Amino acid sequence: MPGFISPEEGLEWLRAGKVVALPTETVYGLAGDGYNLHAIAAIYALKGRPSTNPLILHYRNKEASDVDVEWTPWAEKVAHHFWPGPLTLVLSKRSTSRIPSSACAELTSVAIRVPSHPIFQTILSQYPNPLAAPSANPSGGLSPTTSQHVKRLLPTVPIVEGGTCIHGLESTILDGRFCIPRVLRPGAISVEQIEAVLGHAIDRAIPNSVEAPGMLTSHYKPSKPLRLNAQTILPQEGLLAFGPPCTYSPWTLQLSLATCLTEAAANLFSALHSLDLAPCKSIAVMPIPHIGLGQSINDRLTRAAWDL
Ligand code: TXA
Ligand code: MG
């Protein structure tokens, strides 16, 4: 049983076409060689992920991605500003690209990003190919922001320890193929930050829409029911607080007492994992303002609360 491994051992596993969990600045990723069909197949199998949901390819820098994608001028501008960091761009895949079509769910586009986590960067700098890496959780579940989450969610996968993910929320995904930018998934970079770089407003993701194939309306789900905009709690409910708790629950987790949205985003998945394991029967969440990162937090919470 591999358990925790060093970055050097992680490289060995990747070279052998195997899959490892790696830390990123957003959430832990389940990484495999982005040009290796077998590694791609192993990622889908381990996550139980539908083949219709494409993966994100991670590169050491923008230049390394030029062989695989075609750039638009504004996409280059935002990449230059936010990379390395939690921004993903969907671009047209070059016909000569070595990325297997199974990694892209047979689409003609591919999602790419350059992560900033020092361990992921070190591994990329010593690996010749891009790494495909979805979040390291079973499909549809809560994303992992610590190695302990990964260990619990995917016990057979070797993990490179990298501490707690600083952003705690997945990358923001933009469709970079056309003249007009469009948000496909709100994430760790707020839409306002991107607009400030571009100098104009951009199309926002419609709340609870399915813009990227993986944005299923039901996603990021804990194992128990979750209720939004709670002003008080019901018997046996745990409380996910934002600011001073609206009421008392023996199972209270705080997103940010100071109502800081950056802090709340960083704590979101960790708090949901803890409440999922606590003896409460369901989870009530206090209202989160729908501005800046609050839009990304509310996107995840709405999908977590969705009852199919
Ligand atoms: O922060 C992140 O982005 C993390 C870390 C590990 O990098 N990764 C991550 O991957 O969140 P995943 O697989 O959990 O989510 C990727 C999302 C999915 O919703 C998928 O549908 C979308 O990206 N996506 C991938 N390729 C796409 C494409 N060509 N067009 C539109 N959406 C795409
Ligand atoms: Mg995911």
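None of the figures in this text is laboratory data; all of them are computed from the coordinates on show. None of these values were measured; they are calculated from a predicted model. Reconstructed Cβ throughout: ideal geometry from the backbone, glycine too, with neighbour counts over all protein chains shown.
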Checklist entry - How large is Rg/Rh for the range 165-249, to two decimals, with Cα atoms and a Kirkwood Rh? => result 1.07
Checklist entry - Can you give the net charge of the other residues whose Cβ lies under 11 Å from the Cβ of A201, counting K and R as +1 and D and E as -1? => result -2
Checklist outcome for this item: In nanometres, the difference between 0.36 nm per residue of separation and the alpha-carbon distance of A258 and K151 is 35.4 nm
Item to check | Distance histogram in 10 Å bins (all Cα pairs of the range 89-133, percent per bin) | outcome: 24, 49, 26, 1
Next on the checklist: Give the separation of the Cα centroids, the range 199-272 to the range 160-183, in Å.
Outcome noted: 18 Å
Checklist outcome for this item: Taking only the alpha carbons of the range 249-302, the radius of gyration and the largest Cα-Cα distance, Dmax, both in angstrom, are 11.0, 33
Next on the checklist: As a test, work out the antiparallel percent of DSSP beta bridges whose residues both lie in the chain, rounded to the nearest 5.
Outcome noted: 45 percent
Item to check | Scattering profile of the range 206-308 at q = 0.11, 0.16, 0.23 Å⁻¹ [log10 I(q)/I(0), Debye over alpha-carbon scatterers] | outcome: -0.30, -0.63, -1.29
Checklist entry - Measuring from centroid to centroid over Cα atoms, what is the spacing of the range 63-78 and the range 283-308 in Å? => result 32 Å
Checklist entry - With charges only on Cβ, +1 for K and R and -1 for D and E, what is the dipole size of the chain about its Cα centre, in debye, rounded to 20? => result 520 debye
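Return the calculated 222 nm mean residue ellipticity for the chain, to the nearest 500 deg cm²/dmol, obtained by summing -39500 (n - 2.57) across DSSP H runs with n ≥ 4 and dividing by the residue count.
On the way: 9 runs with 87 residues, N = 308.
Value at 222 nm, helices only: -8000 deg cm²/dmol.
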Next on the checklist: With θ taken as phi - 60° and the coefficients 6.51, -1.76 and 1.60, list the Karplus ³J(HN,Hα) couplings across the range 244-256 in order, rounded to whole Hz; mark glycine and proline as x.
Outcome noted: x, x, 6, 6, 9, 9, x, 10, 10, 10, 9, 7, 6
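How long are the semi-axes of the ellipsoid equivalent to the range 103-205, from square roots of 5 times the Cα gyration tensor eigenvalues, in whole Å, largest first? List each step's numbers first, then the result.
Details: eigenvalues 149, 54, 46 Å².
Taking √(5λ) for each eigenvalue gives 27, 16, 15 Å, largest first.
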Item to check | Cα-only Debye scattering, the range 1-110: base-10 log of I(q)/I(0) at q = 0.22 Å⁻¹ | outcome: -1.38
Checklist entry - Just for the Cα atoms in the chain, what are the lengths along the principal axes, largest first, rounded to whole Å? => result 58, 51, 33
Next on the checklist: Counting just the Cα atoms, what span does the range 145-201 cover along each of its three principal axes? Round to the nearest Å and put the largest first.
Outcome noted: 44, 21, 14
Next on the checklist: What is the sum of charges, Lys and Arg at +1 and Asp and Glu at -1, for the other residues whose Cβ falls under 9 Å from the Cβ of P86?
Outcome noted: -1
Checklist entry - Can you give the translational diffusion coefficient of the range 126-170 in µm²/s, computed by Stokes-Einstein from the Kirkwood radius over Cα pairs at 37 °C and 0.692 mPa s? => result 280 µm²/s
Item to check | Cα Rg over Rh - the range 45-85, Kirkwood | outcome: 1.09
Item to check | Modelled label reach - L234, point 7 Å along Cα→Cβ, the range 275-303 residues with backbone N closer than 20 Å | outcome: 275-288, 301-303
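Could you compute the net charge surrounding L226? Neighbours are other residues with a C-beta less than 13 Å from the C-beta of L226; K and R count +1, D and E count -1.
Numbers: positive: K221, K224, R227, K281, R300, R303; negative: E237, D276, D307.
My count for the surroundings of L226 gives +3.
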Checklist outcome for this item: Which residues qualify? For A230, with a placed amide H closer than 5 Å and at least 5 residues away or on another chain, they are V285, M286
